[in-house]
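Below is one structure, written out as structure tokens; the observations come after it.
The values are calculated or read from the model by the stated rules, or taken from the named source; none is laboratory data. As the structure is a computational prediction, the values presented were derived from the model and not from experiment. Methodologically, a virtual Cβ is constructed for each residue, glycine included, from the backbone with ideal geometry; neighbour enumeration extends over all protein chains shown. Accessible surface is based on the protein model in full, side chains and every heavy atom, while ligands, DNA and RNA are left aside. Shrake-Rupley method; radii C 1.70, N 1.55, O 1.52, S 1.80 Å.
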Amino acid sequence: GWLERPEDYHRAPPPLEPTAVTRERVNGMPFEHLRFESGYEPWDGEPGAQRWMAYEANLTGHVRLFRHPGPPRPWVVCVPAYRMGHLLVDVAGFRAHWLHERLGLNVAIPVQPFHGPRTHPGTRGGDGYLCGDFVDTLHAQAQMLWDLRRLIAWLRQAHEAPAIGVYGVSLGAYTAAALASLEDHLDCVVVGIPAVDFVDLLHSHIPPMLLRATEQLGFPWDRIPVMLRVVSPLALRLR
């Protein structure tokens, strides 16, 4: 029934519980680097589940928190793009100083699976998300949605956030749009230059000769969008 009701594929997670918090600085701005055990697991019997759980770096979630002292303030959760996940890139890409200092917001920047400190050995950030087995793409997206929902619940519970907005860019915008179909009571959602369909996106970037080779080899391009329907913002119902 997941293809007809893709929302049912996503289980409601509990708020996250930090396992470590370190105080750090970037470009003179203090922040907290929060780590937590993701707790995400594919469904029992789901293809690729054992392989996914063997990606040890993905089991730990990471969030960079830029927050003001004093009374609770609104939070913006910034969801990074493909190949982001590095601290300096994320802070510059989201203009975290401007969001934090000029607008006075608290800012949370989580790390996508397969990116930054969640990159598995021998690869570069993002490898495995959109270049590899699309079953991994499915689980990466499902895990990021799980982690974001845990983060949002924790911000509401532990930080008494009076308002929460989500700001995604590119791949992160795809994630933010899907999140808006799973999470109630978001105060705003910004989808910046969003990815919309992973297969169409790859078709537009793969060299024609390589694309023809994949078709001759029987690569199941027509089946992949069906599998990814459960994480697609075009299939999920916007709340």
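Things to note:
- Set side by side, the residues HIS33, HIS86 differ, and just one is of a type outside the set (Gly, Ala, Ser), within 20 Å of the chain's Cα centre (by Cα) and open to solvent by less than 70 Å² (accessible area, probe 1.4 Å), which is HIS33.
- Given (1) under 17 Å from LEU34 (Cβ atoms); (2) touching a helix residue (DSSP H, G or I) at 6+ places or on another chain (Cβ under 9 Å); (3) not in a loop (DSSP other than H, G, I, E, B), number of the condition HIS100 does not satisfy: (2)
- Helices (runs of 4 or more DSSP H) completely within the range 136-236 that count 2 or more residues being more than 27 Å from GLY104 (Cα to Cα), open to solvent by 70 Å² or more (accessible area, probe 1.4 Å) and in contact with a helix residue (DSSP H, G or I) (Cβ under 8 Å, 6 or more places away or on another chain): none
- One residue stands out among those in the range 67-90 that are under 23 Å from ALA158 (Cβ atoms) and hydrophobic (A, V, I, L, M, F, W, C): the one that is modelled with the lowest pLDDT, which is LEU87.
- Applying the condition of being part of a loop (DSSP other than H, G, I, E, B) and in contact (Cβ under 8 Å) with a residue 60 or more places away in the chain to the range 48-67 and asking which residue is least open to solvent (accessible area, probe 1.4 Å) yields GLY48.
- With respect to the conditions (1) out of contact with any Asp or Glu (no Cβ under 7 Å at 6 or more places or on another chain); (2) outside any loop (DSSP other than H, G, I, E, B), PRO71 falls short on a single one, namely (2).
- Sole exception among (1) buried (at least 16 other Cβ atoms within 10 Å of the Cβ); (2) under 18 Å from the mean Cα position of the chain (by Cα); (3) free of Cβ contacts under 8 Å to residues at least 40 places away in the same chain for LEU99, by number: (2)
- Residue selected from the range 26-47 under the condition at pLDDT 95 or above and in a loop (DSSP other than H, G, I, E, B), by the criterion nearest to CYS78 (Cα to Cα): SER38
- Taking the criterion of being open to solvent by 20 Å² or more (accessible area, probe 1.4 Å) and either part of a loop (DSSP other than H, G, I, E, B) or under 30 Å from MET227 (Cα atoms) (or both), the residues of the range 8-25 that qualify are ASP8, HIS10, ARG11, ALA12, PRO13, PRO14, PRO15, GLU17.
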